There are 2 protein chains.
Amino acid sequence: MSRAHGRRLGRAGIRDVAAAAGVSITTVSDALNGKGRLPDATRRHVREVADRLGYRPSAAARTLRTGKSGLIGLTVTTYGEEPFTFTEFAYFAEMARAASSAALARGYALVILPGSTRQSPYDVWSNVALDGTVVIDPSDRDPVVTELVRQGVPVVSDGRPCGDLPVTAWVDNDHEAAVTGLLDHLAAAGARRIGLLTGTSTDTYTRLSTEAYLGWCERAGQDPVYEAYPAHDPCAGAVAADRLLARPDRPDAVYGLFDPNGTDLLAAARRYGLRVPDDLLLVCCSESAVYAGTEPPITTLSLKPGRIGTTVVQLLIDAIEGTGGGRPVQRIMPTDLIVRTSSQRRRRRTTVSAPRSPEQRGQA
Amino acid sequence: MSRAHGRRLGRAGIRDVAAAAGVSITTVSDALNGKGRLPDATRRHVREVADRLGYRPSAAARTLRTGKSGLIGLTVTTYGEEPFTFTEFAYFAEMARAASSAALARGYALVILPGSTRQSPYDVWSNVALDGTVVIDPSDRDPVVTELVRQGVPVVSDGRPCGDLPVTAWVDNDHEAAVTGLLDHLAAAGARRIGLLTGTSTDTYTRLSTEAYLGWCERAGQDPVYEAYPAHDPCAGAVAADRLLARPDRPDAVYGLFDPNGTDLLAAARRYGLRVPDDLLLVCCSESAVYAGTEPPITTLSLKPGRIGTTVVQLLIDAIEGTGGGRPVQRIMPTDLIVRTSSQRRRRRTTVSAPRSPEQRGQA
DNA sequence: AATGGGAGAAGAGACGATTCTGCAAGCCGC
DNA sequence: GCGGCTTGCAGAATCGTCTCTTCTCCCATT
């Protein structure tokens, strides 16, 4: 069929706009994209006609021609078939939210893609044109990452990549400083023997945090007291917390590396009749607001996933647009210790029931 | 330049595969896509060569040709410039997680897109080729939805659409049944006057829930006792909770429509010296696990966002692939009342502070 | 022997935009 | 008045894939 202008259903093409405006395709493209040398009158006219016809350029055609899709992949390593891990849900959710915001602000959209499972996710990956990808906690020799880098697609990781994974850039917290600072805080609150609840997996977060703990212990002249458990198992945490408090060399303060450790440890402390913070100081790493409302409120270390997400996306887009300078970049982000009752040695005796104040009545 | 085989940087095209395998482009395409009439030997050979060259078909070209991108948009209405609303974060996160899983399982990927703000998000929308879109709680005459439907893109909404928004299908909870059941539960626990903490906005969730409450009150012969506040304001909830408990006709049970209402009401109750559940029964609608750990644990109504997300995506993909039958579909999903201490009248006497005579007068 | 038909493979457009190149005017200085 | 410059626009190639159509064998049937 050489008669190509069959007035297809609904959607107007650039040809239709050109015909309706009495100009060439080139002129329409230039007018709409602010390129070329055109008088404002022509530009306005073309825009007007395009609006009237409800013209939307085909994203696929544009992507094919320009090689840029405006799409950024977002991947998390998965332990089951679910794309988010149970224990880190709050972290991921906040990180993804911030990343999405940052991407949209610069004209990109985020595509949620499965991590590198051994299943069959390759179709989905090669079915979408990506300008770049964010990977959260890539594993050692992640095949997807390797493949993407080979194709020249920029990859920025949240979390220092293990091994020699050739990512374009990465962002991570200063886990060393975070753990050291937190242990100092506990020591200042009177802790003599600080325990650690850690994980058995080999990701960088677990590894760096544990190493920082061991280093601190050595410097402080304290014997390490820790229990490790498979962090992706939602039940194992409570058991490990119990084990830690059942030890003969029971610690008088504990730091838990994972989000649920706070409640796990609190429950374990209750079982052993330990009062928090009087008999046991508690800190855990968490993004959840739960710990502001527990009894007592628990001090948490926040990794500030929002800031991480924003930074990761900024670096990625810089790399995509060539703004970044081309050299591999790594960015270390600070953490936030939110100090609550559980890590403060008996400040004042808080009365259990709140004092009734009739003055609280604001509304008349 | 007719010399088109410039051995571009890295990426092999279908032409390169054809040349390397000594066959035509057609044969390569057919071999890799399982189409055409080819002997297995040829198919294998082509696949082998393609693998060796690390060939990945161009998603953009395929999309342009076939008209299918394998991409599904996900939109939430925004109140600020953030893509998620504060009060409904947990709901959105879980819904998006489930939707993403369901989409990936059927070979589609989710693209996170901004809701219809008056800002300038049109670029992003028209820069991505979508096979369909999920919208969460679309507003009355959402321009993006209208535009998409006009272009023939299927749109499925989470939440019954207001007005006559022409969505392809929608999924929602049975809010009427949920609220009625919950109020019955409170009444059975001994509540005589049940109050409501609701919102001022006009979305269907707020509207349907409030109407269900009013209807129940009428049937039960109880005067409605409620306070409404702008739900998107994170501070207003606490104030409204306070107002509700300060009323002369103070309710002896309250249902809060929004996630933070539980803690807001709990705090307000403490300020007025009301014990939960002895003096005040509490239920709020929330997806957060916080309420299992509060003192006391609070009964929550879960909207089961995971089920909603899965269903929405299934319906959308059915519509995209023409599996659904073509007629508009609406699906009503059940909710889950998770009963905890806060809505159970004095099971056993917990030894707290002695019961104080409730000053029912309140207002001086 | 001629024909029909099926298997195997190749040719040649689309798909819908971007963009490089080129062409016709108009205007300037000399 | 003429060459060279800018301005305003059009032609046509190209991006990489899918797919409709065609073409050639080759064997079995009539």
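A short reminder: the numbers here are calculations on the coordinates, not readings from a lab. Quick caveat: nothing in here was measured; it's all calculated off a predicted structure. Neighbour counts are summed over all protein chains in view; Cβ atoms, including those assigned to glycine, are modelled from backbone coordinates with ideal geometry.
Numerical summary
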| item | result |
| --- | --- |
| Chain B, relative contact order [Cα under 8 Å, separation at least 6], % | 16 |
| Per-residue Cβ neighbour rank within 10 angstrom, fewest leading, A:311, B:202 | B:202, A:311 |
| Signed unit charges on C-beta, dipole axis of the protein assembly as shown, positive-most listed residue B:236, B:46, B:188 | B:46 |
| Listed residues A:204, A:175, A:165: farthest to the positive end of the dipole of the protein assembly as shown (Cβ charges) | A:165 |
| Distance histogram in 10 Å bins (all Cα pairs of chain A, percent per bin) | 5, 20, 23, 18, 14, 9, 7, 4, 1 |
| Inter-copy separations for residue B:33, label at 7 Å along Cα-Cβ, nm, ascending | 2.7 |
| Teacher prompt: residue B:243 distances to equivalent labels in other copies, 7 Å Cα→Cβ, nm | 5.3 |
| For chain A, calculated [θ]222 nm from helices alone, where every DSSP H run of n ≥ 4 adds -39500 (n - 2.57) | -11500 deg cm²/dmol |
| Between helix B:89-105 and chain B: long-axis angle, C-alpha atoms, 0 to 90°, nearest 10 | 30 |
| Where the Cα pairs of the protein assembly as shown fall when distances are cut into 20 Å bins, in % | 15, 42, 32, 10, 1 |
| Label-point separation in nm, residue A:56 to residue A:239, each point 7 Å along Cα→Cβ | 5.2 |
| Sequence-separation-based contact order of the range B:230-292, relative, with Cα cut under 8 Å and 6+ spacing, percent | 35 |
| Label-to-label distance, nm, for residues given as residue B:35 and residue A:25 (7 Å Cα→Cβ offset) | 2.3 |
| Relative exposure of B:26, A:263, B:341, B:300, judged by other C-beta atoms within 10 Å (fewest first) | B:26, B:341, A:263, B:300 |
| Spin-label model distance (nm) - residue B:174 vs residue A:292, 7 Å beyond Cα toward Cβ | 3.6 |
| Proxy reagent accessibility, fewest Cβ within 10 Å first, across A:317, A:72, B:14 | B:14, A:317, A:72 |
| Only Lys, Arg (+1) and Asp, Glu (-1) charged, at Cβ; the protein assembly as shown dipole about Cα centre in debye | 1300 |
| Net dipole in debye of chain A [+1 Lys, Arg Cβ; -1 Asp, Glu Cβ; about Cα centre; nearest 20] | 1600 |
| Using a 7 Å Cα-to-Cβ projection, residue A:44 label spacings across copies, nm, ascending | 6.9 |
| Calculated log₁₀ intensity ratio I(q)/I(0) where the Debye formula runs over C-alpha points of the range A:152-196, q = 0.21, 0.30, 0.34 Å⁻¹ | -0.73, -1.04, -1.16 |
| Selected from B:337, B:322, B:263, residue furthest toward positive end of dipole (the range B:244-337; charges at beta carbon) | B:322 |
| Evaluated over the range B:14-57, the Cα radius of gyration and Dmax, each in Å | 8.9, 24 |
| Dipole magnitude (debye, nearest 20) for the range B:14-57, charges at Cβ of Lys, Arg, Asp, Glu | 80 |
| Distance histogram for the range A:213-311 (every C-alpha pair counted, 5 angstrom bins, percent rounded to whole numbers) | 2, 12, 22, 23, 20, 12, 6, 2, 1 |
| Burial order of peptide ranges B:94-101, A:38-45, B:32-39 (average beta-carbon count within 10 Å, highest first) | B:94-101, A:38-45, B:32-39 |
